[in-house]
Amino acid sequence: MKKVLLINWDCYPNLAYGGVYTWVKNLIDNMSDYEFIVVNELSNPNSNGKYVIASNVTKVIEVPIFGTFRYEEFCDRNEFLLSRIIRTTEKVIKEQFIPLYKEFLIAVLSERCEPKRIADLVIKLHDFLRIYDPKKCLEHTLTWEIFVDYLNKDPIYNRMMLKEVLTAFQVIQKHIHLLSIEIPKVDIIHSALAWIPALIAVYAKKESNCSLIVTEHGVAFRDMLLYYNGYIYDDASRIFWKVFSNNIVRTMYSIADVIAPVCHSNRIWEESLGADKDKIKVIYNGINTSKFRPIDIQREDKRPTIVCVSRIDILKDVACLIQAIKQVKMEIPEIQCLIYGGSIDLDYALKCLSMVKELQLEDSIKFMGLTKEPEKAFNSADVIAFSGISEGFPFTIIEAMACGKGIVASDVGGVGEALEGCGLLVRSRQPYDLAKGIVRLLKDKNLRRQYEVAAVKKVHDEFKLEKCVDRYRKEYEELTSAYVRQELKQEEAITK
């Protein structure tokens, strides 16, 4: 069996929810003819340590980036830790690590640095950190001093607040540490994102001499900009992260053999960020239509019901949906909205709970928590509503379509590609527009039925799981075959 290195972040197998988890699990479960080694970077200390994996997953490399640690605590090394610590002397840190670290900083924080330069530095850092002790290097006082000195000399970055400087230092510190991880030899690498955790693919590709596929569900650069604008109020810090993100993303695009966005909306973003058009192949997500289908659900509560299946976070803009329900209730007083989903953003979740109370919607909006049976949640609705402000090609949309439900959704990312002709698209961050769409579908049963029938047909024609998996299998086969041919040519050349 050929081996696949699959890289993801806060996802499979530790966090068993969300669209990317569904995608990873579907891919692994339906490609049993491949052996998977999974890398999962974990930024959430509440991640599950116990999980079930498919039989073709032969290794899971869990990489927590919270707290202080050495990777030897949870990853096997080829030698004793003590040897690495003793080898990492003051002289080694000052004469070898610090110059390399400084060079990396200059590259990733320079406006539009050449991706090849960053990729080369990632490989050099890996080659160094696999021999020496990363913790000793990265927690050395010189590392902090070099970082602060670089920012102080920059006319923009020197205006960053100390809190933001410390956060930036820690993020970069943790992810350089990530480069010390040793990856087994594989036949192909598949990264579920083009963000910092994917830097592992840079050196893994070189060591295994294999191809790399990058699949972006949400465009990393776009999502990071939205996140920074929502949580960072320091303009200098926003510029810092914009430049950093741009350089990381462009590096991943440059080394990828195939870039496989999940929708054309992502493709447009990737091309605007410099991705080679010839590398891009859109592969839509697919779902199990045996599971997601129209089902007759007996409801005790006969009130008109809106269902939303979504994480409770800022990018899903659940606050907009809550405000929309307030408007809907003015026309349909007996309305109820059931929101299924969890949250790792406590502040935002509390904000949503407070908003429900402030708007006096306790009897109309219920937070149902995570569900293991989303097909039943969808089928219990009269109308499905989505209010996200950044999406790729969301599974929840096509799952709801497959269940034959009228849908109102914000027109972002690839949502329109799925829902066009099968539901109502509204502007994002506009609760009045969302409310009007919900009311229209609840009152116009003929239109709703028209959309329901069209949605089921479109899913069966375009978004079935089998079609999606076949596309990835074809890419795997073509890329691994290409590298086999390349190796044969090299062997022939050596023989001659």
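Worth a mention:
- Normalised by residue count, the stretch 323-424 yields a Cα convex hull volume of 110 Å³ per residue.
- Reciprocal of mean inverse Cα separation for the stretch 149-203 (Kirkwood radius, Å): 13.6
- The stretch 249-274-the stretch 189-239 distance, computed between alpha-carbon centres (Å): 11
- Set of lysines near residue 91 by C-alpha distance (under 17 Å), chain-local residues within fewer than 8 positions excluded: 102, 135, 136
- For the stretch 1-81, convex hull of alpha carbons as volume per residue, Å³: 94
- Which of 295, 377, 339, positive extreme of dipole for the stretch 276-408 (C-beta unit charges): 295
- Separation of alpha-carbon centers, the stretch 296-329 and the stretch 382-408, rounded to whole Å: 12
- For the chain, taking Cα atoms only, Rg and Dmax work out to 24.2, 83 Å respectively.
- Surface share of carbon and sulfur [accessible, 1.4 angstrom probe, percent] for the chain: 52
- Mean projected area of the convex hull spanned by the Cα atoms of the stretch 218-340, taken over all viewing directions: 11.3 nm².
- Within the chain: Cβ-based charge dipole about Cα centre, in debye rounded to nearest 20 (Lys, Arg +1; Asp, Glu -1): 420
- Temperature 25 °C, viscosity 0.890 mPa s: under these conditions the Stokes-Einstein estimate for the stretch 148-278, based on its Kirkwood radius over C-alpha pairs, is 154 µm² per second.
- Estimated purely from DSSP H runs of n ≥ 4, each contributing -39500 (n - 2.57), the mean residue ellipticity at 222 nm for the chain is -15000 deg cm²/dmol once divided by its residues.
- A compact globular protein would have a Cα radius of gyration near 2.2 N^0.38 Å; the ratio found for the stretch 117-195 is 1.30.
- Pairs exceeding a 28 Å alpha-carbon distance, out of 124/281; 94/174; 277/372; 436/457; 50/279: 124/281; 277/372; 50/279.
- Accessible area per residue for the chain is 45 Å², calculated with a 1.4 Å probe on protein heavy atoms, without ligands, DNA or RNA.
- Its Cα gyration tensor gives the stretch 257-414 an equivalent ellipsoid. The semi-axes, each the square root of 5 times an eigenvalue, are 31, 20, 13 Å from largest down.
- Rg/Rh ratio calculated on Cα atoms of the stretch 41-186 (Kirkwood radius): 0.99
- Alpha-carbon Debye profile of the stretch 408-454, log10 I(q)/I(0) at 0.28 Å⁻¹: -1.04
- Nearest-10 value in Å² for the accessible area of residue 23, using the 1.4 Å probe: 10
The values are calculated or read from the model by the stated rules, or taken from the named source; none is laboratory data. This structure is a prediction, so every number in the text was calculated from the model and none was measured. Neighbour counts are summed over all protein chains in view; Cβ atoms, including those assigned to glycine, are modelled from backbone coordinates with ideal geometry. Remember, those area values only see protein heavy atoms, side chains included, never the ligands or the DNA or RNA. Shrake-Rupley method; radii C 1.70, N 1.55, O 1.52, S 1.80 Å.
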